[in-house]
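Read the structure below first, then the notes.
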Amino acid sequence: MTRLVLPAVLFLSFCHILARGQRPPGKDTFLIDPSHPRFPPPRHNPEFRTGIKKEAVAEYREKTGHPGGDFIVRLFQTSKTMYFRAEVEFEGLPGKDTIRLPDLGTEPHPVLQKGETKYSCIIGFLDNDHHFREVKGVIVSPKENQFRITTLRHWAVTTHYRLVSQ
């Protein structure tokens with residue numbers, strides 16, 4: 001008789017979960033207990049830097065053949081650890097923007113890569129697995145003698161440093 005009661009209790013419990021609108025745990029459900037000693041506590045970078053480098057931490061340069069200058073993108077550190085200042089120049093035309101990188105618990109590593117078109121650059125970073133993640137794009141319209149800085153992706157870090165695109 002015990003065998004008949006136990007499945008009925010499990011079935012009722014399962015129905016109760018479905019009635020409340022909760023999804024029952026599936027094969028890919030991963031439950032994390034941060035208080036469990038097996039998982040290290042998440043690390044965070046300090047909010048402010050102790051020293052700011054005066055020189056650019058990353059630079060991308062492309063020749064335009066114009067006497068007014070080239071296409072140049074540079075990234076500089078700011079006082080806030082996860083923020084960088086982007087300075088763009090196209091044939092003497094200047095521009096600035098602020099780049100925010102996600103806090104992966106390690107020193108941020110900004111990277112500049114060639115874009116898909118001529119006079120374009122992708123601003124991104126290397127994650128903890130050394131994969132390039134794009135953040136913003138700098139695209140030049142030489143006919144109109146202008147450029148634009150566009151956000152390509154937003155990144156956020158979830159529990160235990162799983163990087164997700166938003």
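The values are calculated or read from the model by the stated rules, or taken from the named source; none is laboratory data. These figures come from a predicted structure and were not determined experimentally. With ideal geometry, Cβ positions are generated from the backbone for all residues, glycine too; neighbour counts draw on all protein chains shown.
Please find, among 98, 64, the residue that is over 23 Å from the mean Cα position of the chain (by Cα) and in a strand (DSSP E or B).
Numbers: 98 fails: over 23 Å from the mean Cα position of the chain (by Cα).
On inspection, the qualifying residue turns out to be 64.
With the checklist (1) under 19 Å from residue 149 (Cα atoms); (2) outside any loop (DSSP other than H, G, I, E, B) in hand, flag the one item residue 116 doesn't pass.
Of (1) under 19 Å from residue 149 (Cα atoms); (2) outside any loop (DSSP other than H, G, I, E, B), only one is false for residue 116: (2).
Using the structure shown, decide if residue 75 is within 23 Å of residue 154 (Cβ to Cβ), hydrophobic (A, V, I, L, M, F, W, C) and either at pLDDT below 50 or assigned to a strand (DSSP E or B) (or both). Spell out how you get there, then give the answer.
On the way: within 23 Å of residue 154 (Cβ to Cβ): yes; hydrophobic (A, V, I, L, M, F, W, C): yes; either at pLDDT below 50 or assigned to a strand (DSSP E or B) (or both): yes.
Answer is yes for this residue.
Pick from 116, 107, 87: which is over 11 Å from the mean Cα position of the chain (by Cα), within 23 Å of residue 54 (Cα to Cα) and loosely packed, with under 12 Cβ neighbours inside 10 Å?
On the way: 116 fails: within 23 Å of residue 54 (Cα to Cα); 87 fails: loosely packed, with under 12 Cβ neighbours inside 10 Å.
107 is the lone residue from the list that is over 11 Å from the mean Cα position of the chain (by Cα), within 23 Å of residue 54 (Cα to Cα) and loosely packed, with under 12 Cβ neighbours inside 10 Å.
Out of all the residues in segment 135-155, which are touching a Phe, Trp or Tyr at 6+ places or on another chain (Cβ under 9 Å) and under 16 Å from residue 60 (Cβ atoms)?
Step one: filter segment 135-155 for residues touching a Phe, Trp or Tyr at 6+ places or on another chain (Cβ under 9 Å), giving 135, 138-142, 145-147, 155.
If the condition is that a residue be touching a Phe, Trp or Tyr at 6+ places or on another chain (Cβ under 9 Å) and under 16 Å from residue 60 (Cβ atoms), then 135, 138, 139, 140, 147 are the ones that fit.
Conditions tested, residue by residue: (1) of a type in the set (S, T, N, Q); (2) closer than 19 Å to residue 65 by Cβ.
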position: 79; (1), (2): yes, no
position: 91; (1), (2): no, yes
position: 94; (1), (2): no, no
position: 98; (1), (2): yes, no
position: 104; (1), (2): no, no
position: 115; (1), (2): no, yes
position: 123; (1), (2): no, no
position: 136; (1), (2): no, no
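Given the condition modelled with pLDDT under 75, acidic (Asp, Glu) and over 17 Å from residue 92 (Cα atoms), answer yes or no: does some residue in segment 26-48 qualify?
Step one: list which residues in segment 26-48 are modelled with pLDDT under 75, which gives 26-42.
With the extra rule that they be acidic (Asp, Glu), the set shrinks to 28, 33.
Adding the requirement that they be over 17 Å from residue 92 (Cα atoms) leaves 28, 33.
Yes - at least one qualifying residue is present in segment 26-48.
Quick check on this structure: which one of 54, 80 is loosely packed, with under 14 Cβ neighbours inside 10 Å, of a type in the set (D, E, K, R) and modelled with pLDDT of 90 or more? Write out each step before concluding.
Values: 80 fails: loosely packed, with under 14 Cβ neighbours inside 10 Å.
Result of the check over 54, 80: 54.
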